[in-house]
Amino acid sequence: MIWSSWSEFIEMGGYAGFVWWSYGVTVVFMVGEVVLLSKRKRTIIQRLGRFIRADRSKRNAE
Amino acid sequence: MAKSRFWLYFSSPKTFYPFSGKLIPWCVGVAAVLMAVGLYMGLLVTPPDYRMGDSYRIIYIHVPAVWMSMIIYMVMAGWAAVGLIWNVKLAEMMAGALAPTGAIFTVIGLWTGALWGRPTWGAYWVWDARLTTYLVMLFLYMGYIALRSAIDDPRRASKASALLAIVGGINVPIIYFSVKWWNTLHQPFTVAPGQESKIDPTMLWTMMIMVIAFWAYTLAVSLIRVRCDILEREKNSSWVAELLQGSSAGNKQ
């Protein structure tokens, strides 16, 4: 550990704005990609599942 | 003969879907562990740079993001070419699944580069060779994604966008060698194959850990995305029907 205090860590040797905006935006993009992707996957599985069940019950009725 | 059957086996979406599903948890695990280690090393353990102070810590995300964005472009163009030449549907889907992640890493590369450029060079942006050719890659990614989604028929969309990806591939070596060919503000190679590295070993190791973490992340998200594309494109096939019926009844996945 190279920092002696929490506030020294936050200050980043005077470059806090540059360092934290870099890391922050990177985290937002990467976490955002994962969240949107898992949402998309869930929607597809639900939608296709419904579609397939409806198709099967229609075929059974015929 | 056996070899060609091996490739045929994995190029079928039906066998690729469960196989890739087993790979994803491993990629996620490796990415999460290595990112935690890399961030801990990069922000808490490695010493400040003697000239740039603590602003250099941006390197731990800038370099991995930029490398990945260029590697993803080459892999994407490679899959696009395989899809175009041998008419392999799975290769076309792989190319499409890589593009959004590549574009995201390009945006991260530009953003972190600007925030590192300001304290180091005194400017967020300059129109020099390295930065301009890299910006062109973002436009290529965006053009590729836009062209793909503009054509309704997925086979035709893949073929048209594959050409764009392949022709645009010429830009990647230009980005890479730009610091050698032209006088630019961007520094020349610090780490390159066949030459001794010019940075401190702890810093280099931390950066490499982040590079591997970004690799694993890319594998994980592109596999998840290609599985979504497979389900959508194969929704009328019997194996998808069986899979989803099993999953909705047993609540698996």
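The values are calculated or read from the model by the stated rules, or taken from the named source; none is laboratory data. These numbers come from a predicted model, not from an experiment. Neighbour counts run over all protein chains shown; Cβ positions are idealised from the backbone, glycine included.
If you go through region B:19-45 and keep only what is more than 13 Å from chain A (Cβ to nearest Cβ) and of a type outside the set (Val, Ile, Thr), you end up with B:Phe19, B:Lys22, B:Leu23, B:Pro25, B:Trp26, B:Gly29, B:Leu34.
Would you confirm, using the coordinates I've provided, whether A:Trp3 is closer than 29 Å to B:Gly113 by Cβ and more than 8 Å from chain B (Cβ to nearest Cβ)? Taking the combined requirement at face value, the residue does not satisfy it. In the set B:Leu131, B:Leu135, B:Leu110, which member is outside any loop (DSSP other than H, G, I, E, B) and over 16 Å from the mean Cα position of the chain (by Cα)? The match here is B:Leu131.
Criterion applied to B:Ile72, B:Ile61, B:Ile85 was being within 11 Å of another protein chain (Cβ to nearest Cβ) and assigned to a helix (DSSP H, G or I), and the one residue passing it is B:Ile61.
Of the residues making up region A:1-26, those that are surrounded by fewer than 16 Cβ atoms within 10 Å (Cβ to Cβ), closer than 14 Å to B:Arg57 by Cβ and aliphatic (A, V, I, L, M) number 3.
With respect to B:Leu110, determine if the residue is farther than 18 Å from A:Glu33 by Cα, of a type outside the set (Lys, Arg) and at pLDDT 95 or above. Here the answer is no, as B:Leu110 does not meet what is asked. Residues of region B:36-51 that are in a loop (DSSP other than H, G, I, E, B) and under 28 Å from the mean Cα position of the chain (by Cα): B:Thr46 alone.
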